[in-house]
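Here's the structure we're looking at; comments come further down.
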Amino acid sequence: MFAQKGLHEFVLNVVRRFISPNAQILELGSGSGAFSMRLMDAGFQVTCCDISSERFEISESAPFIEANFDSLFSTQFDRTFDAVITMEVIEHLENPWQFLRQITDLVRPGGTVIVTTPNIDTPRSILSFVKSGNFKYFKDSDYGPGGHISPISQWQLIKILERAGLSLEVIEGFGAPWGSGLRHLGAKLMSLLMKKNPGKIGPIVICVAQRPHSGDDP
């Protein structure tokens with residue numbers, strides 16, 4: 001498991017809240033398959049997908065499809081799913097707008113989409129931008145081959161989802177918002193000004209959306 005500690009458990013609880021038991025789920029960016037295993041243990045049917053199967057470790061338990069998410073990858077699938085989940089992927093991509101449009105093509109009407117990404121709206125991230133001109137998790141050290149290239153605010157993420165034809169259900173934040181020590185006092189004080197922030201102030205933002213049924217307003 002390469003995700004931030006506790007993120008898989010948190011997102012699994014979100015999945016249980018919004019996705020029916022035994023649903024068919026597509027996980028985009030499945031990596032080694034750690035979160036897919038959690039989904040299967042919880043009773044969901046899972047199809048895994050990533051750019052390479054090199055790190056995928058559960059090939060005997062779940063089908064795997066190789067796909068480049070910067071391409072029109074939805075054409076590689078011959079069916080749609082009850083839900084699509086993508087954790088910590090969209091910030092690595094050249095075109096987040098196209099990525100979400102492709103996801104909409106892969107989820108059935110009435111189905112659920114769950115997206116997570118670093119939350120650049122947190123007090124610590126805003127202070128980082130004021131100090132260095134870079135949001136937290138989007139510095140040169142995060143760039144590298146296959147690194148973070150697309151910082152997305154909560155406002156942007158909502159607009160991308162809406163433009164893709166999806167309807168927002170909820171935004172939540174995960175994780176400790178400011179760390180520890182006196183050097184984070186400024187972030188703690190800034191958080192008092194952010195009480196209406198829809199994603200709260202956790203360093204990871206989790207967005208849940210739905211593809212409307214035909215005829216419904218997005």
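Computed from the coordinates by the stated procedures, all read-outs in this text should not be read as laboratory data. Everything quoted here is computed from the prediction, not taken from an experiment. Using ideal geometry, Cβ is built from the backbone for each residue, glycine included, and neighbour counts are taken over all protein chains shown.
Worth a mention:
- What you get for segment 1-122, charging only the Cβ of Lys and Arg (+1) and of Asp and Glu (-1), is a dipole of about 440 debye around the Cα centre.
- The ranking of 112, 104 by Cβ neighbour count inside 10 Å, starting from the fewest, reads 104, 112.
- Here the dipole of the chain is about 1120 debye; that uses its Cα centre as origin and unit charges on the Cβ of Lys and Arg (positive) and Asp and Glu (negative).
- Of all the options 149, 103, 120, the one that moves most in a Gaussian network model of the chain with Cα springs shorter than 10 angstrom is 149.
- Nonlocal amide H pairs with residue 111, under 5 Å, H built at 1.01 Å: 211
- Taking the helices alone, the chain has a mean residue ellipticity at 222 nm of -8000 deg cm²/dmol, built from -39,500 (n - 2.57) per DSSP H run of at least 4 residues and averaged over all its residues.
- Between residue 60 and residue 159, the FRET efficiency estimated from the beta carbon spacing at R0 = 45 angstrom works out to 0.65.
- Distant-in-sequence amide contacts of residue 81, defined by a placed amide H-H separation under 5 Å and a gap of 5 or more residues or a different chain, comprise 107, 108.
- Label-to-label distance, nm, for residues given as residue 150 and residue 94 (7 Å Cα→Cβ offset): 1.1
- Nearby aspartates and glutamates by direct alpha-carbon distance to residue 136 (threshold 15 angstrom, same-chain neighbours under 8 apart not counted): 88, 91, 121
- Amide H within-cut-off set for residue 169, under 5 Å, with H built and near neighbours excluded: 208, 209, 210
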